[in-house]
Amino acid sequence: MERNFNKNELYPDCPIRNILNRISDKWSLLVLYTLNGHESMRFKDLSAELQDISQKMLVITLRTLETDGFVYRKVYAEVPPRVEYSLTERSRSLFPIINQLIGWAKEHMDEILLDRTKALSSPSGR
C-alpha cells in the first residue's frame, strides 16, 4: 500500500521531475484542492467529497502528501480516535500556481476537446 518514494532514477536532482512526479498523479491535486476549501477535514469527509477515490488510494495519497510536507495530519486522543487533515504553508504557497493552471484549463478546454475529437475522427488517428 506504499507509493514509490524513489527519486526519478535518470534525473535524481531534477526538481521539476521529482515534484511533478509527486503531485501530478490522478489524486494529489484533487485532494489538495478539496482541502483548500476547508480549514481541516476528516478522512470520511474527504472521501465523501472525492466520491470516486477508493479508501485505500485516499490513504496512500494522504500519506504521500504528508511525507512531502503538503498535508498536515492531526490525531486527537479520543475514543474513537479522530484524525483531521489540513494544508501546510508549503501547499498553500502552491495554490496561486494551481489556480493559474485551473484558469488556463478552463480557458482552453473546449479547444483541446475539439482537437481531440478531430484527431480521433481523422483516418490516420492524427
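Structure summary
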item: Kirkwood-Stokes translational diffusion coefficient of the stretch 19-86, alpha-carbon pairs, 20 °C, 1.002 mPa s, µm²/s; result: 176
item: Computed lengthening from Ile98 to Ser124, 0.36 nm per intervening residue step minus Cα-Cα distance; result: 5.9 nm
item: Solvent exposure, largest accessible area first (probe 1.4 Å, DNA, RNA and ligands not counted), of Ser121, Ser91; result: Ser121, Ser91
item: Computed accessible area, Asp25, all protein chains, 1.4 angstrom probe, square angstrom; result: 50
item: Under 5 Å, built H, 5+ apart or other chain: amide partners of Arg42; result: Tyr85
item: Karplus (6.51, -1.76, 1.60) ³J(HN,Hα), θ = phi - 60°, over the stretch 107-114, in Hz, Gly and Pro reported as x; result: 5, 10, 4, 4, 5, 5, 5, 5
item: Helix-derived mean residue ellipticity, 222 nm - over the chain, DSSP H n ≥ 4, -39500 (n - 2.57), to 500; result: -18000 deg cm²/dmol
item: Residue-level accessible surface for Val59, protein heavy atoms, 1.4 Å, Å²; result: 40
item: For Tyr11, solvent-accessible area (1.4 Å; no DNA, RNA or ligand), Å²; result: 110
item: Per DSSP, loop GluC sites (Glu not before Pro) in the stretch 58-118 with at most 12 further Cβ within 10 Å; result: Glu78
item: Proximal lysines relative to Lys74, as straight alpha-carbon distance under 23 Å, when same-chain residues fewer than 8 apart are discounted; result: Lys44, Lys56
item: Relative contact order computed over the chain (Cα-Cα under 8 Å; 6+ residues apart), in percent; result: 20
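The values are calculated or read from the model by the stated rules, or taken from the named source; none is laboratory data. A quick note: this is a predicted structure, and the numbers were derived from the prediction, not measured. Virtual Cβ from ideal backbone geometry, glycine too; neighbours counted across all protein chains shown. Areas reflect the complete protein model, heavy atoms only, side chains present, ligands, DNA and RNA absent. Shrake-Rupley method; radii C 1.70, N 1.55, O 1.52, S 1.80 Å.
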